[in-house]
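The structure appears below as structure tokens.
The values are calculated or read from the model by the stated rules, or taken from the named source; none is laboratory data. Bear in mind that the values here come from a model prediction, so they are computed numbers and not experimental data. Virtual Cβ from ideal backbone geometry, glycine too; neighbours counted across all protein chains shown. Calculation scope for accessible area: heavy atoms of the full protein, side chains included, ligands and nucleic acids excluded. Shrake-Rupley method; radii C 1.70, N 1.55, O 1.52, S 1.80 Å.
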Amino acid sequence: MSVAALAVLAAAAGCASGGDRPGPPVPSPTGEAAEVCGELYDVLPGEVDGQRRGEIEPETRFAAVWGEPAIELGCGVPRPEVLTPGSEHYNPVSDSVEVNGVSWLLEERGDSHRFTLLGREVFVRVTVPEAYAPEVNALVDLADAVREAVPGKPL
């Protein structure tokens, strides 16, 4: 499956608890987006694709991890470049998947897949290492939380 490359980097990085490796990129949403992300954080599952939820240091309500290698979630991330008209990598027909009524932009990233929530008020990004292939399975465990906490965005 062909997928356009995405060149968006997230901002700050924390440290994962229990180790020295960098944690996931931690977004910095504000206002209503921060409120939605806080609501999502409260309903995220304890397990994703059979992996237990870990801790992130410093603590944040805008990111979560499961397993090792980590399945990483960031809430309140910027609009993906491939979905931004006028950007160098704009591609309005990028690959997407729907899992349990939730739509995600799909990007293959070498040793992982990155999924960005579509059609909702806040962009949420989930990065799933190839160790969990098929990577889309992680989204099954996140669908209920997303539907509950992240309002749909009218077309």
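Residues that are among the acidic types (Asp, Glu), closer than 30 Å to VAL93 by Cβ and either modelled with pLDDT of 95 or more or surrounded by 18 or more Cβ atoms within 10 Å (Cβ to Cβ) (or both) do occur in the range 45-56, at least one of them. Scanning the range 79-107 for residues that are out of contact with any Ser or Thr (no Cβ under 7 Å at 6 or more places or on another chain) and open to solvent by 70 Å² or more (accessible area, probe 1.4 Å) returns ARG79, PRO85, GLY86, GLU88, PRO92, VAL93, GLU98, ASN100. A single member of ARG114, ARG125 is open to solvent by less than 20 Å² (accessible area, probe 1.4 Å), closer than 23 Å to ARG53 by Cα and of a type in the set (Lys, Arg), and it is ARG114. Only one entry in VAL93, VAL82 is over 25 Å from TYR41 (Cα atoms) and in contact with a His (Cβ under 9 Å, 6 or more places away or on another chain), namely VAL82. Within the range 38-63, the residues that satisfy the criterion of being within 20 Å of PRO134 (Cα to Cα), assigned to a strand (DSSP E or B) and of a type outside the set (Val, Ile, Thr) are GLU47, GLN51, ARG52, ARG53. Summed over the range 128-148, the residues that are touching a residue at least 24 places away in the same chain (Cβ under 8 Å) and open to solvent by 10 Å² or more (accessible area, probe 1.4 Å) give a count of 10.
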